[in-house]
Amino acid sequence: MATRSAAAAPIVSLEAGQIRGSVSNGISRFLGVPYAAAPIGPNRFALPAPHPGWSGIRDATSFGATAPQAAYGGGIEALLPTADIPGDEFLNLNVLAPVGASGLPVMVWVHGGSLSHGANALSGYHGTTFARDGVVYVAINYRLGSEGFSVIDGAPLNLGLGDVFAALRWVHTEIAKFGGDPGQVTVFGQSAGAILLWALVARPDAPDLCARAILQSGGPASETRRSAGRITRLEAKQLGIPATRTAFSTKSTIELVAAQGMVTARSTPITGGPAFAIALGEGLVPRTPMDAVLHGAAAGIPLLIGYTTEEYRLWFVPTGLMDRISATLFRLARIRFRIGRRILAAYRAGHPGASRAELFGLLATDILLRLPFNRIADARAAAGASTHVYEFTWGSPVQNLGAAHAIELGFVFDGVADPEWQRLIGDAAPQQLADDMHGAWVRFAKTGDPGWESWNTRRPVERFDAPASEVVYAPREPERAAWGKGG
């Protein structure tokens, strides 16, 4: 539990040393708190090491350093901002708690960003609304891009994932001192953050680190070491070095970020291309998360999972891809993903008037998210595990984005008035929708029940929309069912 100094600033004694936070509007804030040693020198391209500690009282009233990264490009930079705070100790986290908190549920946020963007310092992730509503909120940073997900000889795989695990171990050890209950930790993440958390919940030791999980717009994706290492090999070629820890360690973070930018310039999660990924093998990810979850992993962990209706539009609209999906590309995608005539006919019937690009995007969204989430929910229901499924359907008027990837975040964080989220959702987004969605997330963290029935044979999906959200049973079932008929 935090103590109070003469200046009314809360002080907490951690294993690494004391920190001083701040208080505002009934919420204690501790920012930029290191949970591991700086990943530099001998700790670079190594699993996270314990922080060596500090003497005296460390100031925790301003955001800590952010992981090295480049800004978004291709027009997406106007919608998704980048935080750039220099410093070596970017393995840090923020904690927000109601003043006087004791034994409260905890929510730990893992940001997204294609494993190469994002930070806990972004204003949209400050988390004040969660602390306001009786939750101890934690937001973490982890290594990104080449520093966190390279596949290089002489270094462990998935270092950024190792950082997430280290942060959760820190939470388990330290969060009671901020008024949180380490036995009631809900992890939640979006996009790449959700992908990382699927790798967590798929592990046998997941119940030691979290009690519940919310997984937004990111599936249990993983790749073989060779496939995940494609981007590393391309970067090494770009830099003129071998793909080894020794060689990569000679390059500055600036050089690595520049090289990965060159390699990934035209890649998107929908159309493909070189990208960072969770790599199978070694201790952190010994089997595919999808296979593990389908066969009972995380059966004791209630899950809240979902997606937006038009995920693809974040990449198609700002970049101009809506007008550049050719018949040839569409045909190649059909061959690659075995999209036969029966499947295509079901989608055309369900979306009359949809353009080629829209059909392409809807198919990709289902392949990457909706179909796997249905399979997982079915398997978990058969095993008696609790799963709640949602779909975010409200459409943003900004650039005609619709219900694109990341649109739901401003509502989850009850931040429709935040200028950062207004880049995505405009300045007239419905507050009632934020009340609905944010309230469901808080209820789930407190009780395991977001407010609608868990998955069963009727296939209930909570559709978040305005003017009202509602449960829909087996939405777009003809499209889903077509995949099981051989195309």
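The values are calculated or read from the model by the stated rules, or taken from the named source; none is laboratory data. Not measured: the values here are computed from a predicted model. For neighbour counting, all protein chains shown are included, and Cβ atoms are generated from backbone atoms with ideal geometry for every residue, glycine included. Please note that ligands, DNA and RNA were not included when accessible areas were found on the heavy atoms of the full protein model with its side chains. Shrake-Rupley method; radii C 1.70, N 1.55, O 1.52, S 1.80 Å.
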Fill in the blank from the handout: If we take region 288-355, then helices (runs of 4 or more DSSP H) inside it with 1 or more residues that are in contact (Cβ under 8 Å) with a residue 24 or more places away in the chain and touching a strand residue (DSSP E or B) at 6+ places or on another chain (Cβ under 7 Å) are 313-316
Exercise for the section: Kindly indicate which of GLY183, GLY179, GLY145, GLY229 is at negative phi, open to solvent by less than 10 Å² (accessible area, probe 1.4 Å) and either among the small types (Gly, Ala, Ser) or modelled with pLDDT under 95 (or both). Expected result: GLY229
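Filtering region 425-435 down to residues that are among the hydrophobic types (A, V, I, L, M, F, W, C) and either touching a Phe, Trp or Tyr at 6+ places or on another chain (Cβ under 6 Å) or part of a helix (DSSP H, G or I) (or both), which residue is nearest to THR82 (Cα to Cα)? It would help to see each step written out before you state the result.
Residues of region 425-435 that are among the hydrophobic types (A, V, I, L, M, F, W, C), as a first pass: 425, 428-429, 433-434.
Retained after the next criterion (residues that are either touching a Phe, Trp or Tyr at 6+ places or on another chain (Cβ under 6 Å) or part of a helix (DSSP H, G or I) (or both)): 425, 433-434.
Working: ILE425: 17, LEU433: 26, ALA434: 23 Å.
That would be ILE425.
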Practice task
Output the number of the condition that GLN422 fails; it satisfies all remaining conditions of (1) in contact with a helix residue (DSSP H, G or I) (Cβ under 9 Å, 6 or more places away or on another chain); (2) surrounded by 19 or more Cβ atoms within 10 Å (Cβ to Cβ); (3) not in a loop (DSSP other than H, G, I, E, B).
Solution key: (2)
Exercise for the section: Inspect region 454-471 for any residue being in a helix (DSSP H, G or I) and either closer than 22 Å to SER191 by Cα or among the aliphatic types (A, V, I, L, M) (or both) and give the result as yes or no. Expected result: no
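Based on what the data block shows, is PRO42 surrounded by fewer than 19 Cβ atoms within 10 Å (Cβ to Cβ), out of contact with any helix residue (DSSP H, G or I) (no Cβ under 7 Å at 6 or more places or on another chain) and not in a loop (DSSP other than H, G, I, E, B)?
Spelling it out, PRO42 is indeed surrounded by fewer than 19 Cβ atoms within 10 Å (Cβ to Cβ), out of contact with any helix residue (DSSP H, G or I) (no Cβ under 7 Å at 6 or more places or on another chain) and not in a loop (DSSP other than H, G, I, E, B).
Give me the residue from region 103-141 that is aliphatic (A, V, I, L, M) and either open to solvent by 20 Å² or more (accessible area, probe 1.4 Å) or assigned to a loop (DSSP other than H, G, I, E, B) (or both) and, out of that set, nearest to GLU420 (Cα to Cα). Talk me through it step by step, then tell me what you get.
Our first condition is that a residue be aliphatic (A, V, I, L, M); within region 103-141, this holds for 104, 106-108, 110, 115, 119, 121-122, 131, 135-136, 138-140.
Right, trim to either open to solvent by 20 Å² or more (accessible area, probe 1.4 Å) or assigned to a loop (DSSP other than H, G, I, E, B) (or both) and you get 104, 115, 119, 121-122, 135.
Details: LEU104: 29, LEU115: 20, ALA119: 13, ALA121: 12, LEU122: 8, VAL135: 23 Å.
Among those residues, the one meeting the criterion is LEU122.
Just to be sure before I move on: is GLY218 open to solvent by 20 Å² or more (accessible area, probe 1.4 Å) and either among the small types (Gly, Ala, Ser) or within 16 Å of the chain's Cα centre (by Cα) (or both) in the structure I sent? Working first, answer last.
On the way: open to solvent by 20 Å² or more (accessible area, probe 1.4 Å): no; either among the small types (Gly, Ala, Ser) or within 16 Å of the chain's Cα centre (by Cα) (or both): yes.
Criteria not met by GLY218.
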Problem - Meets criteria (surrounded by 17 or more Cβ atoms within 10 Å (Cβ to Cβ), touching a residue at least 60 places away in the same chain (Cβ under 8 Å) and of a type outside the set (S, T, N, Q)) for ALA265 - result: no
Practice task
Could you tell me which residue of region 195-206 is surrounded by the fewest Cβ atoms within 10 Å (Cβ to Cβ), considering only residues that are touching a Pro at 6+ places or on another chain (Cβ under 9 Å) and in a helix (DSSP H, G or I)?
Solution key: VAL201
Fill in the blank from the handout: Going through region 88-102 in order, the residues found to be closer than 20 Å to SER22 by Cα, open to solvent by 20 Å² or more (accessible area, probe 1.4 Å) and not hydroxyl-bearing (Ser, Thr, Tyr) are PRO98, VAL99, GLY100
Fill in the blank from the handout: How many residues of region 419-450 are closer than 13 Å to TYR125 by Cα and either more than 20 Å from the chain's Cα centre (by Cα) or aromatic (Phe, Trp, Tyr) (or both)? The answer is 2
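Going by the structure shown, is ASP378 of a type in the set (Asp, Glu), touching a residue at least 24 places away in the same chain (Cβ under 8 Å), in a loop (DSSP other than H, G, I, E, B) and open to solvent by 50 Å² or more (accessible area, probe 1.4 Å)?
Details: of a type in the set (Asp, Glu): yes; touching a residue at least 24 places away in the same chain (Cβ under 8 Å): yes; in a loop (DSSP other than H, G, I, E, B): no; open to solvent by 50 Å² or more (accessible area, probe 1.4 Å): yes.
Considered against the rule, which asks whether it is of a type in the set (Asp, Glu), touching a residue at least 24 places away in the same chain (Cβ under 8 Å), in a loop (DSSP other than H, G, I, E, B) and open to solvent by 50 Å² or more (accessible area, probe 1.4 Å), ASP378 comes out as no.
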Handout entry: Qualifying residue in region 270-285 (condition: surrounded by fewer than 17 Cβ atoms within 10 Å (Cβ to Cβ), in a strand (DSSP E or B), out of contact with any Leu (no Cβ under 7 Å at 6 or more places or on another chain) and not aliphatic (A, V, I, L, M))
Key = yes
Exercise for the section: Identify, from the list SER22, SER28, SER55, the residue that is surrounded by 20 or more Cβ atoms within 10 Å (Cβ to Cβ) and at pLDDT 95 or above. Expected result: SER28
